[in-house]
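Presented below is the structure to which this report refers.
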Amino acid sequence: MTTELTDLDWPQHTDRLELRLARAQDADEIWPWHRSPEVQEWTTTLSTTLEDHRERWDSHLPVSVVGLQGGHVVAVGKVERQDAWSQADMVGQARGQQAELGWVLDPAVQGQGLGTEFALALLRVAIEGLGVRRVEAGCFAENLASRRIMEKIGMRCEGVFVQESLHRSGRWLDGMSWAILASEYGARQS
Ligand SMILES: CC(C)(COP(=O)(O)OP(=O)(O)OC[C@H]1O[C@@H](n2cnc3c(N)ncnc32)[C@H](O)[C@@H]1OP(=O)(O)O)[C@@H](O)C(=O)NCCC(=O)NCCS
C-alpha cells in the first residue's frame, strides 16, 4: 500500500521549525507575505485576490506541508508523489516512485538558513516518510537562492534548459532540473 502524507506522524520538527500538513485556514495567514513581490518573483502561480489565493491554496492542500515558528506559518512546501516515466508495460511498477518538492519562505525569516532547513525536512518527508526512490525539483536558473538550497541538501543539477521558461516579466529564462536518489540521500545521512 502506498504511504500518503496524511499517513505520517505530525507534527515533525527540525531545529527551528515545526512541520505539519497545511490546513485551509492557513491561507489567510500566509496571504500577506505569500503575495509579496520577492516571493512572487519566482513562484509558478500568482494570486491577485484573497479569494483566488484561497481557492488555489485549497487545491494544493493534499501536497502541502507548512513550517511554523512561534505558532506562525513561515514556510510553505510541496511534497507531491508522482509517477516515474516508464515504458508502457512497466507503468504499474513506476507509479508513485518519485516526488517533486517546492518551497517558499516568508521574506521576514529569509536569510537565516531556514529555507535550507525546511527543504531538507521536506526531502526527509519524501524519502523516509513516503518512501519514494527519487526526488526532483525545478527552478528558474536565475533563482540563485533556491539553486543553492538544492545544492546544499544534496540534489544534483541534471539539466539546464535554455530559454525554456517564460517568466512573467516577459523574459524567456533558462530552467533547471535537480534531483537526488533515495540511495544518495541515505549515503549522505550515514
Ligand atoms: C528560496 C528561498 C526559500 C530561500 O530561503 P532562505 O531562508 O533565504 O534560504 P537560506 O537562508 O537557507 O539560504 C540558502 C542559500 O542561498 C543563498 N542565497 C540566498 N539568497 C541569495 C541570492 N539572492 N543570491 C545568491 N545566493 C543566495 C544563501 O546565502 C544560502 O547559501 P549559503 O548557505 O551558501 O550562504 C526564499 O528566498 C524564497 O522563499 N524565495 C521565493 C520563493 C522561491 O523562490 N521558491 C523556490 C522556487 S523554485
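Based on DSSP H runs of at least 4 residues, each adding -39500 (n - 2.57), what is the mean residue ellipticity at 222 nm of the chain after dividing by all its residues, to the nearest 500 deg cm²/dmol?
On the way: 7 runs with 56 residues, N = 190.
The helix-only estimate for the chain comes to -8000 deg cm²/dmol at 222 nm.
Ordered by packing density, taken as the mean number of other Cβ atoms within 10 Å over each peptide's residues, highest first, how do 108-118, 39-49 rank?
In decreasing order of mean packing, 108-118, 39-49 become 108-118, 39-49.
Mind putting a number on the dipole of segment 88-142 about its Cα centre? Charges go on the C-beta only, +1 for Lys and Arg and -1 for Asp and Glu, and I need it in Debye to the nearest 20.
Details: 4 positive and 7 negative charges, 46 e Å.
For this selection, approximately 220 debye.
From the phi of every residue in segment 103-110, what ³J(HN,Hα) in whole Hz does the Karplus formula 6.51 cos²θ - 1.76 cosθ + 1.60 yield, where θ is phi - 60° and glycine or proline is x?
Karplus values, whole Hz, x for Gly and Pro: 8, 9, 10, 4, x, 5, 10, 6.
Give the Rg/Rh ratio for segment 1-81, taking Rg as the radius of gyration of the Cα atoms and Rh as the Kirkwood radius, to two decimals.
0.97
Can you grab the distance from the C-alpha centre of segment 88-137 to the C-alpha centre of segment 49-69, Å, no decimals?
About 17 Å separates the Cα centre of segment 88-137 from the one of segment 49-69.
Find out how many positive minus negative residues lie around Leu173, taking Lys and Arg as positive, Asp and Glu as negative, among other residues whose Cβ is under 13 Å from that of Leu173.
-1
In whole Hz, what ³J(HN,Hα) sequence does segment 137-151 give by Karplus (6.51, -1.76, 1.60; θ = phi - 60°), x for Gly and Pro?
Per residue, the Karplus-derived 3J(HN,Hα) values read 8, x, 7, 5, 4, 7, 7, 5, 5, 5, 4, 5, 4, 4, 4 Hz.
Can you run phi through the Karplus equation (6.51, -1.76, 1.60; θ = phi - 60°) for segment 29-44 and list ³J(HN,Hα) in whole Hz, with x for Gly and Pro?
Those phi angles translate into 5, 7, 3, x, 8, 5, 8, 5, x, 5, 7, 5, 3, 10, 7, 6 Hz.
Using the Cα atoms of segment 53-146, I'd like the radius of gyration and the largest Cα-Cα distance, Dmax, both in angstrom.
Cα radius of gyration and Dmax of segment 53-146 are 14.9, 49 Å respectively.
When all C-alpha to C-alpha distances in segment 118-190 are sorted into bins of 10 Å, what percent of pairs does each bin hold, rounded to whole numbers?
With a bin width of 10 Å, the distribution comes to 20, 47, 25, 9, 0.
Go from 0 up to the bin containing the longest alpha carbon distance in the chain, width 10 Å each, and give me the % of pairs per bin.
P(r) over the chain, rounded to whole percents: 9, 35, 39, 16, 2.
Mind checking the dipole of the chain: about its Cα centre, +1 per Lys or Arg Cβ, -1 per Asp or Glu Cβ, Debye to the nearest 20?
With only Lys, Arg, Asp and Glu charged at Cβ, the dipole is about 360 debye.
Once amide H atoms are built 1.01 Å from N in the peptide plane, which residues 5 or more positions from Ala141, or in another chain, come under 5 Å H to H?
Asp174, Gly175, Met176
Please check the chain for the longest run free of trypsin sites (Lys or Arg not before Pro) that are loop-located per DSSP (anything but H, G, I, E, B) and have at most 11 other Cβ atoms within 10 Å. Show your work: numbers first, answer last.
Working: sites that count: Arg168, Arg171.
Of all site-free stretches, the longest is 1-167.
Since every read-out is calculated from the coordinates, none of them should be taken as a lab result. These numbers come from a predicted model, not from an experiment. Heads up, the Cβs are rebuilt from the backbone with ideal geometry, glycines too, and the neighbour counts pull from every protein chain shown.
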